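The values are calculated or read from the model by the stated rules, or taken from the named source; none is laboratory data. All values derive from a computational prediction rather than experimental measurement. Positions of Cβ are generated from backbone atoms using ideal geometry, with glycine treated the same way; all protein chains shown enter the neighbour counts. Areas reflect the complete protein model, heavy atoms only, side chains present, ligands, DNA and RNA absent. Shrake-Rupley method; radii C 1.70, N 1.55, O 1.52, S 1.80 Å.
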Amino acid sequence: MAEAREGSGEFAGLVVPPVGAVVETTDPWEPYRMLDASGAAVGPVAEYLKDLQAIGRPATTQRSYALALLRWFRFLWAVEVPWGQATRVEARDFCRWLQVAEKQKGDGAVPQGRVNPVTGKSGPGRQYAPRTRAHSETVLRGFYAFHLEMGTGPLVNPFPLVRGRDGERVGAHRAPTAPVRFDRSGLYRPKISRRVPRRIPDDRFDELFSRLPSHRDRALVALWVSTGARASELLGVRCGEVDVGRQLVTVVPKGSRALQSLPASPDALVWLRLYQVQMEGLIEPDADGPLWWTLRRPFRPLSYPAAYRMFQRVNAMIGANWSLHDLRHTAAYRMARDPGMPLTDVQWVLGHSQLTTTQLYLSPVPEDVIASVLAHHRRTADRAAEPPVPTVPGYRSESLDVLFGRGPA
């Protein structure tokens, strides 16, 4: 099939049907399952997901990896190459295809580069973003490395690492006393620009908060923006994990998976209490039960997709495209900009392993920079409009202009 794809128009007629799926199960031993076109489970992917679960990867990570593998298997099914016979040619062509192909679920997406006038953020775009392509390369390289070690895949990983000059191993001529650098990356991994996290300005946040339709939604947003917890972390809180007296909410962080108590603002706990009073008699209280529920019958635990849709509806009211994760960024910016709060405390709240990650929130915010530059222009115009200072007798006005920078030397 590699020979059939040679030439500049090799992908012109290539159609990758959206067959197969990644489905959620109720089996704790297999939270997510990847299915082929016939609805059967894909065995090699199932074994890899089991390995991910064994090394402690959460179910959300398993889902993300399964979706990346689904894109790869759809491409292989389209070019009629078995996964165990894929070579570097198929890996190269797949990475090229990701650069030009449109998302198979991208209907209605904002074209790439279109900036939202309210938030200043670009839309998701119809094509795969560099971060998505980089994630796919990492997942597929790990997938084939796993099967290479197990002896169930090809003898050579189709997604190789970067080689040195003339095909040598990276660091082959490193001096024994020189420090070892672990900076090897995938050969087909795209370059990713470093993103500066965005926050929601206070005035826009107040506008967005006023549009929330229920006490539950106000409690959720207020807790997200005061604790800095991730959306999924807060949605997983149980009733017995809220200590109102100490203003603490206990979550399970995404990275360490160890319980962590996060301080919450008083107003967030007030909204939480209003929501709990509203649900009295509708949901039987249980310390081990979920804290967040749907507001319509039949009552079910609130899921991330439902919370996401709630936030998107409020976004649409003001023409914005903020995400739930931007609430975490907003909390981090507020804490990092507080001169009375050490940056190491912010690092602990956010659960960052490296302080350099937390330092991103000290970066200038575009809105603040724009306001500062406009203020500079206003000060410059005001100085130019000021009446000239009268010359003191005995001094030449030309010399004073040079001394005070009012004219050319």
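So the values come out like this:
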item	result
Filter result for residue 379 (open to solvent by 100 Å² or more (accessible area, probe 1.4 Å), closer than 27 Å to residue 196 by Cβ and modelled with pLDDT of 80 or more)	yes
Checklist (1) farther than 28 Å from residue 119 by Cβ; (2) open to solvent by 90 Å² or more (accessible area, probe 1.4 Å); (3) at pLDDT below 95 applied to residue 273, failing item	(3)
Selection from the range 281-338 of residues that are open to solvent by 40 Å² or more (accessible area, probe 1.4 Å) and among the small types (Gly, Ala, Ser)	281, 287, 303, 316
Residue 362 vs. criteria of a type outside the set (D, E, K, R), over 30 Å from the mean Cα position of the chain (by Cα) and open to solvent by 60 Å² or more (accessible area, probe 1.4 Å)	no
Residues of the range 253-270 that turn out to be loosely packed, with under 15 Cβ neighbours inside 10 Å and modelled with pLDDT under 95, as a count	6
Qualifying residue in the range 344-355 (condition: under 18 Å from the mean Cα position of the chain (by Cα) and under 18 Å from residue 204 (Cβ atoms))	no
Residues within the range 15-58 that are among the hydrophobic types (A, V, I, L, M, F, W, C), touching an Asp or Glu at 6+ places or on another chain (Cβ under 9 Å) and crowded, with 17+ Cβ neighbours inside 10 Å, tallied	2
Subset of the range 189-216 (residues that are among the basic types (Lys, Arg) and either part of a helix (DSSP H, G or I) or at positive phi (or both))	204, 216
Residue in the range 111-147 that is nearest to residue 196 (Cα to Cα), counting only those that are small (Gly, Ala, Ser) and not in a loop (DSSP other than H, G, I, E, B)	122
Pair list, Cβ < 7 Å and 6+ apart or interchain, from the range 218-246 residues that are without any contact (Cβ under 8 Å) to a residue 40 or more places away in the chain and farther than 16 Å from residue 256 by Cα to residues that are open to solvent by less than 20 Å² (accessible area, probe 1.4 Å) and in a helix (DSSP H, G or I)	244/269
